[in-house]
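First comes the structure, then the notes that go with it.
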Amino acid sequence: MLLWIFLVGFAAANEEFSLENKTHHAQYRGSQVLRVRNATESIRNLLKSLEGEKAIEIWKQSNVFGKFTDILVPSFTLSFVRQQFENLNATFRVMIADVESAMHEQIAIAPRRQSNKNKKSRSYNLTFQRYHRISDIYAYLEYLVSKFPSICSIETIGTTIQGREIKVLKISGSNAKFGFYIEGGIHAREWVSPASVAYIVRELVEYRSKNSFAENADYYVSPVANPDGYEFTHTNSRLWRKNRRDSTDKSCPGVDLNRNYGYQWGGLGASRQSCDETFAGENSFSEPETQAVRDFLTKIGPSVQVKISKNKFLL
């Protein structure tokens with residue numbers, strides 16, 4: 001069951017994912033995802049050391065003894081890493097035996113686009129049977145505005161490094177006492193995040209009669225907070241995480257937007273090294289994507305009392 005869930009997360013890629021891009025998956029051939037139990041300080045230090053040496057990539061970490069850390073291990077370091085764990089009697093298990101095979105299997109089982117006949121009945125392509133490009137997600141938001149103009153409106157709150165729009169859908173409540181800000185896709189490779197946020201939007205708008213609580217709040221929803229990175233995962237690198245900021249080290253572009261906000265910027269869990277997945281940027285709010293969210297939330301003021309960011313370990 002766990003393996004199936006991981007495979008679903010790895011990308012129900014649609015047919016727009018070109019054959020050329022499948023060759024990129026070859027770099028994950030033989031790579032594995034392992035779950036390691038943090039039983040001792042030595043094991044925790046080993047994980048930190050292996051990450052620093054680029055021998056592993058930490059996907060989900062717990063610093064609590066007895067809990068688990070999930071890691072991606074490239075094929076060329078797999079034997080070495082497993083030996084290090086065995087030397088410390090570390091408990092670990094394989095969650096994904098071959099990352100490349102998981103990616104290809106998802107492409108093979110991905111549902112095809114709807115027929116032209118079905119397309120004529122609506123103005124968007126979004127479904128909840130596969131993952132979609134940002135154009136489909138934004139088209140769905142536009143459809144909701146046209147279909148439910150009394151409660152839905154769209155605002156472009158900023159643009160990305162590469163000039164893509166960052167859009168927010170407002171869903172108004174007739175008896176709103178406060179506001180929610182909900183965002184998805186801040187980590188580009190977590191495709192299930194924008195999908196789940198889009199599903200929330202559907203429930204709040206199209207199935208509003210079944211969710212009467214929605215009238216008590218205004219919802220501001222940004223399904224894809226990292227548009228450049230999200231598109232890059234569809235066209236170039238499926239496991240890309242950061243935005244697409246050029247860096248002084250041209251081989252290590254991108255900033256982890258989740259760690260670019262001002263609160264405790266550069267603290268625990270963030271890196272100052274541009275090649276790291278958790279690189280926090282040159283300074284807080286250095287990125288147009290985080291600036292856009294900051295400025296938008298400042299503009300709408302204290303009515304927004306809850307901010308929810310849908311980070312998903314399952315891709």
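The values are calculated or read from the model by the stated rules, or taken from the named source; none is laboratory data. Predicted model, so just to flag it, every value in this text is computed and none were measured. Note that we place each Cβ from the backbone using ideal geometry, even for glycine, and neighbour counts take in every protein chain shown.
So, Ser153, is that one crowded, with 23+ Cβ neighbours inside 10 Å, of a type in the set (Ser, Thr, Tyr) and closer than 21 Å to Ala292 by Cβ or not?
Considered against the rule, which asks whether it is crowded, with 23+ Cβ neighbours inside 10 Å, of a type in the set (Ser, Thr, Tyr) and closer than 21 Å to Ala292 by Cβ, Ser153 comes out as no.
Can you tell me how many residues in the range 130-150 are out of contact with any Cys (no Cβ under 7 Å at 6 or more places or on another chain) and surrounded by 15 or more Cβ atoms within 10 Å (Cβ to Cβ)?
Residues in the range 130-150 being out of contact with any Cys (no Cβ under 7 Å at 6 or more places or on another chain) and surrounded by 15 or more Cβ atoms within 10 Å (Cβ to Cβ): 14 in total.
Got a sec? Which of Tyr131, Tyr143, Tyr124 is modelled with pLDDT under 95, over 30 Å from Ser286 (Cα atoms) and hydroxyl-bearing (Ser, Thr, Tyr)?
Answer to the check: Tyr124.
Every residue in the range 247-261 that is hydrophobic (A, V, I, L, M, F, W, C) and crowded, with 23+ Cβ neighbours inside 10 Å, please. Even if it seems obvious, please write down each step before you answer.
Within the range 247-261, the first condition is being hydrophobic (A, V, I, L, M, F, W, C), and the residues that meet it are 252, 255, 257.
Matches in the range 247-261: Val255, Leu257.
For Ala97, which of the numbered conditions (1) surrounded by fewer than 18 Cβ atoms within 10 Å (Cβ to Cβ); (2) in contact with an Asp or Glu (Cβ under 7 Å, 6 or more places away or on another chain); (3) among the hydrophobic types (A, V, I, L, M, F, W, C) fails to hold?
Only one criterion in (1) surrounded by fewer than 18 Cβ atoms within 10 Å (Cβ to Cβ); (2) in contact with an Asp or Glu (Cβ under 7 Å, 6 or more places away or on another chain); (3) among the hydrophobic types (A, V, I, L, M, F, W, C) is unmet by Ala97, namely (2).
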